[in-house]
1. Is it the case, given these coordinates, that residue 187 is closer than 19 Å to residue 64 by Cβ and either touching a helix residue (DSSP H, G or I) at 6+ places or on another chain (Cβ under 7 Å) or touching a residue at least 12 places away in the same chain (Cβ under 8 Å) (or both)?
2. Can you go through 144, 150 and tell me which one is in contact (Cβ under 8 Å) with a residue 12 or more places away in the chain, over 21 Å from residue 53 (Cα atoms) and either surrounded by 13 or more Cβ atoms within 10 Å (Cβ to Cβ) or basic (Lys, Arg) (or both)?
3. Could you name every one of the strands (runs of 3 or more DSSP E) located completely within the stretch 157-272 that has at least 1 residues being farther than 22 Å from residue 78 by Cα and open to solvent by 50 Å² or more (accessible area, probe 1.4 Å)?
4. So residue 57 passes all but one of these: (1) surrounded by fewer than 14 Cβ atoms within 10 Å (Cβ to Cβ); (2) in contact (Cβ under 8 Å) with a residue 24 or more places away in the chain. Which condition number does it fail?
5. Might you check whether a residue that is within 22 Å of residue 236 (Cβ to Cβ) and in contact (Cβ under 8 Å) with a residue 40 or more places away in the chain occurs anywhere in the stretch 74-93?
6. Count, please, the residues in the stretch 104-126 that happen to be touching a Pro at 6+ places or on another chain (Cβ under 7 Å) and open to solvent by less than 50 Å² (accessible area, probe 1.4 Å).
Amino acid sequence: MSLSPITAPYEFMAGTSPLLISIPHAGIRLTPEVAEGLSEAAQPLGDTDWHIPRLYDFARALGASVLVGNYSRFVIDLNRPSDDKPLYTTATTGLYPDTLFDGRDTFKPGKIPTDARRQDYLAQIWQPYHQRIQSELARIKQQFGYALLFDAHSIASVIPRLFDGQLPDLNLGTNNGASCSPELSDVLTGICQQQSRFSHVLNGRFKGGYITRAYGQPDADIHAVQLELAQVNYMDETPPYAWSETRAPALQSLLQQLLEGMLAWGSEKYRK
């Protein structure tokens, strides 16, 4: 089996506002060894954050910069630390997910990529993605005096291994208040409270992954928030994971309000 070169680990679109949207888990590109080794359960790529770039396609009109990972999390998970230390004390998946969210094996027996190959993934996929986050946050902060990072995710609404019952529709995470100003958390939860269609929680099961925790530095005027969405509100949660033209627009409307609220808060707080 030839080891094809790893190219274009992400897509990046520069914006004009203080907001960077990171979308690390929407990629479906596989390396040859991962594609060959995936178990039957993993082959549909069910743990993907399906359609997230489409869900947030309105954000470009708000001036947001958008960063989207191209490779599947089954190759390497961009929202885990490079040393693979667990982020949660409860069930989770790691930097190189060998199990699916439901606990089944990601790879066929004997088909897990080698440690050397996984080091290639770290150097050629993970590192460039994070270097782009760092450079873009630095550019934004230099231009505006502050930076806003919104890490966009989604997940099936019912996964018994990870959480009990059905997940709330919107799961905001701020690393228990450490990744952004409490005033910004209040703005976002306030917007959620003004509507009744979608349930929401702050720092519930999903408190923010590595990206939120690593780059959210409110004392340095960099504010990071993660939003984990229940997929049932905009798509079908079974293969082929189709986009829902009837459900998605209402969720997009609320997401736009959240991003507009985030930008308005930053503009007011840092008004010169």
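The values are calculated or read from the model by the stated rules, or taken from the named source; none is laboratory data. Quick caveat, the model's predicted, so the values are computed rather than measured. Here the Cβ is made from the backbone with ideal geometry for all residues, glycine too, and neighbour counts use every protein chain on show. Note: areas computed on protein heavy atoms with side chains; ligands, DNA, RNA excluded. Shrake-Rupley method; radii C 1.70, N 1.55, O 1.52, S 1.80 Å.
1. On the way: closer than 19 Å to residue 64 by Cβ: yes; either touching a helix residue (DSSP H, G or I) at 6+ places or on another chain (Cβ under 7 Å) or touching a residue at least 12 places away in the same chain (Cβ under 8 Å) (or both): yes.
Yes; evaluated as a whole, the condition is true for this residue.
2. Numbers: 150 fails: over 21 Å from residue 53 (Cα atoms).
Among 144, 150, only 144 is in contact (Cβ under 8 Å) with a residue 12 or more places away in the chain, over 21 Å from residue 53 (Cα atoms) and either surrounded by 13 or more Cβ atoms within 10 Å (Cβ to Cβ) or basic (Lys, Arg) (or both).
3. Numbers: elements: 170-173, 200-202, 222-230.
Those strands (runs of 3 or more DSSP E) span 200-202.
4. (2)
5. Of all residues in the stretch 74-93, those within 22 Å of residue 236 (Cβ to Cβ) come to 74.
After this cut, where a residue has to be in contact (Cβ under 8 Å) with a residue 40 or more places away in the chain as well, the list is 74.
Yes, the stretch 74-93 has at least one match.
6. Here is the first cut: in the stretch 104-126, the ones touching a Pro at 6+ places or on another chain (Cβ under 7 Å) are 106, 124-125.
Next, only the ones that are open to solvent by less than 50 Å² (accessible area, probe 1.4 Å) stay: 106, 125.
Number satisfying all stated conditions: 2.
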